[in-house]
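Quick one: this structure, given as structure tokens, is what I'll be asking you about.
The values are calculated or read from the model by the stated rules, or taken from the named source; none is laboratory data. Given the structure is predicted, the values throughout are model-derived calculations rather than measurements. Cβ atoms come from the backbone with ideal geometry, glycine included; neighbour counts cover every protein chain shown.
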Amino acid sequence: MKKIVIMIIVLVQIIFLIPVIFTKKFDTKEVSAKTEENKNEIVEETKNTEYDYGNYQTIHLLHQKTGEVEEVNLDEYLCHVVSAEMPVTFEIEALKAQAVVARTYTIYKITENQNKHENADICDSSSCCQAWISKEDRFAKWEEKAREENWRKIEQAVYDTKGKMITYEGKPINAFFHSNSGGKTETPINVWGGSYPYLQSVETSRRGCIFTVLF
């Protein structure tokens with residue numbers, strides 16, 4: 001009699017455990033399916049992150065020393081610009097601000113100075129258009145152990161601000177910038193004779209500010 005009671009108890013436990021076992025297996029398969037679905041969604045999102053600059057997805061860059069005109073992706077070009085214009089040791093937010101200004105300045109130059117360079121949109125000279133440095137030359141100026149990390153920081157500043165520009169009345173502004181404001185910016189009319197409503201004289205928070213847009 002005792003053996004029969006034990007067998008009944010064991011049988012009842014098995015009956016209750018069977019649904020649990022199958023449910024666990026189903027749940028595992030369901031989670032795996034959802035994980036795979038999420039992976040596909042992430043991949044799809046990654047494919048769609050390219051920003052559309054319209055006619056300026058790529059630009060033609062003139063290298064002044066060689067006379068060569070190179071076709072480059074706009075944001076790739078900006079990595080070389082930012083690394084030439086601001087020390088990589090600056091805070092990432094400062095580098096991002098520089099990236100936005102450089103992007104704005106580039107598009108403005110292309111749209112407003114179409115005949116400046118016959119076969120190119122912009123050149124690599126700071127005295128003519130905007131500073132630019134090759135990755136090889138930039139690396140040569142950095143300590144070897146910091147090169148890759150520094151370049152990733154430059155790329156972060158550019159790609160985190162992808163598509164962002166400064167506009168006035170729906171158009172990119174002529175985004176002048178300089179290394180030292182001397183404590184106060186100047187209105188363009190007192191420097192070049194031109195007038196821009198979005199560029200006004202303002203006092204800066206401290207003298208010797210490395211990055212200041214004139215507005």
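Which condition number in (1) at pLDDT 95 or above; (2) surrounded by fewer than 21 Cβ atoms within 10 Å (Cβ to Cβ); (3) of a type outside the set (Val, Ile, Thr) is the one that ASN113 fails?
(1)
When you go through (1) within 25 Å of TYR53 (Cβ to Cβ); (2) at pLDDT below 65 one by one for TYR196, which number turns out not to apply?
If we test TYR196 against (1) within 25 Å of TYR53 (Cβ to Cβ); (2) at pLDDT below 65, just (2) comes out false.
I've got another one for you. Whether any residue in the range 71-81 is among the hydroxyl-bearing types (Ser, Thr, Tyr), surrounded by fewer than 18 Cβ atoms within 10 Å (Cβ to Cβ) and either at pLDDT 95 or above or assigned to a strand (DSSP E or B) (or both) is what I want to check.
Within the range 71-81 (the criterion being among the hydroxyl-bearing types (Ser, Thr, Tyr), surrounded by fewer than 18 Cβ atoms within 10 Å (Cβ to Cβ) and either at pLDDT 95 or above or assigned to a strand (DSSP E or B) (or both)), the answer is no, since none of the residues qualifies.
While we're on this one: Check the range 136-145 and report whether any residue there is within 22 Å of TYR198 (Cβ to Cβ), charged (D, E, K, R), surrounded by fewer than 18 Cβ atoms within 10 Å (Cβ to Cβ) and not assigned by TED's automatic domain parsing to the domain that holds TYR198.
no
Name the residues in the range 103-138 that are touching a residue at least 60 places away in the same chain (Cβ under 8 Å) and either closer than 17 Å to GLU149 by Cα or in a helix (DSSP H, G or I) (or both), would you?
ARG103, THR104, TYR105, ILE107, TYR108, THR111, GLU112
Turning to a different aspect of this structure: Which condition from (1) within 22 Å of ASN73 (Cβ to Cβ); (2) over 20 Å from the mean Cα position of the chain (by Cα) is the one that LYS141 breaks?
So the condition that LYS141 fails would be (1).
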